[in-house]
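The values are calculated or read from the model by the stated rules, or taken from the named source; none is laboratory data. Keep in mind that what you see is a predicted model, and the values were worked out from it rather than measured. In this analysis, Cβ positions are derived from the backbone assuming ideal geometry, glycine residues included, and neighbour counts consider all displayed protein chains.
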Amino acid sequence: MTRSLPLLACSLLTSLVFVKGATPAPTFHKDVEPILQNRCQGCHRPGEAAPMTFMNYKEVRPWAKAIRGALLTGKMPPWQADPHYGKFVNDLSLAKGEKETLLAWVNAGAPEGKLADAPKPKVWNEGWRIPQPDVVFEMPEEFSVPASGVINYQYIPVATHFTEDKWVEMLEVRPSDPSVVHHAIVVTDVGNGFRGEEYLAGYAPGMSPQIWKPGQARLIKANSTLVFQMHYTTNGKASRDRTKIGMIFA
């Protein structure tokens, strides 16, 4: 018994050293909040597609376990492209280490940490994820979405009245009620205004605005008509939507 005491003491000392030198658990303000600002708040903020907002600790804390589940199943961030088949500039995936940080935070009990460690709040453009558009086109009237049932695809033409060709470098499609818009596609048509000919921009929950690199732009020809292809889904509550598209000229 006497001979085993030094080994026991050594073992305890080793354990104490290990605990003392262990990496501290991530905290919300220092480690998690910057990730949410860059990766999540585009949708998880007031007026956007996500059903809950992640603007501060009080809003995020109740969803900690749900966040872990969404990360482990790959449901969030909403990006299903297979990384083995190309690299995409609008990739919504988390950067290396971010997923691990979020999971470690949840597993540690979602500690808040020090408010002094919080990053500056990210400034978002009111109503847009792009700068204030040069021009906005919207559906001519609201579309009524019933509480239940299946709704056929809607094709809604909107004339641009452009008297000359236009080059655009940023585009964003925004529903007025994203809770009932499964997706929206806007195409240009220089013909009869229906069944458009060329894809211009689109919307789906989690989708980023269309922003081209400096020196790049999309051409919209004079007298073009925009056709809004709308896919509405019911959610148990009657609603009305009037989707719009904002453009910034090159």
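Residue-level check: of (1) within 30 Å of V89 (Cβ to Cβ); (2) without any contact (Cβ under 8 Å) to a residue 40 or more places away in the chain; (3) not in a strand (DSSP E or B), N152 misses just (1). Would you confirm whether or not the range 48-57 contains a residue that is outside any loop (DSSP other than H, G, I, E, B) and surrounded by 11 or more Cβ atoms within 10 Å (Cβ to Cβ)? For the range 48-57, residues outside any loop (DSSP other than H, G, I, E, B) and surrounded by 11 or more Cβ atoms within 10 Å (Cβ to Cβ): present. Of the residues making up the range 210-218, not a single one is closer than 15 Å to P140 by Cα, assigned to a loop (DSSP other than H, G, I, E, B) and touching a residue at least 12 places away in the same chain (Cβ under 8 Å).
Yes/no per residue for (1) at pLDDT 95 or above; (2) surrounded by 15 or more Cβ atoms within 10 Å (Cβ to Cβ); (3) of a type in the set (G, A, S):
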site: S144; (1), (2), (3): yes, no, yes
site: N152; (1), (2), (3): yes, no, no
site: V186; (1), (2), (3): yes, yes, no
site: N192; (1), (2), (3): no, no, no
site: E198; (1), (2), (3): no, no, no
site: L226; (1), (2), (3): yes, yes, no
site: Q229; (1), (2), (3): yes, yes, no
site: A238; (1), (2), (3): yes, no, yes
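Within the range 26-33, the presence of at least one residue that is in a loop (DSSP other than H, G, I, E, B), surrounded by 12 or more Cβ atoms within 10 Å (Cβ to Cβ) and either more than 11 Å from the chain's Cα centre (by Cα) or not aliphatic (A, V, I, L, M) (or both) is confirmed.
Of the residues making up the range 156-168, those that are out of contact with any Pro (no Cβ under 8 Å at 6 or more places or on another chain) and either assigned to a strand (DSSP E or B) or farther than 25 Å from S144 by Cα (or both) are P157, A159, H161, F162, T163, E164, D165, K166, W167, V168.
Beta carbons closer than 7 Å, at least 6 apart along the sequence or on distinct chains, pair a first residue in the range 171-183 that is part of a strand (DSSP E or B) with a second that is of a type in the set (D, E) for V181/D241.
Applying a threshold of 8 Å to beta carbon distances and a minimum spacing of six or more residues, or different chains, the list of pairs starting in the range 91-105 at a residue that is touching a residue at least 40 places away in the same chain (Cβ under 8 Å) and ending at one that is of a type in the set (S, T, Y) and not in a helix (DSSP H, G or I) reads L92/S208; W105/T27.
The set of residues in the range 158-214 that are at positive phi and of a type in the set (G, A, S) comprises G193, G206. In this structure, L92 qualifies as at pLDDT below 95, of a type in the set (A, V, I, L, M) and surrounded by 16 or more Cβ atoms within 10 Å (Cβ to Cβ).
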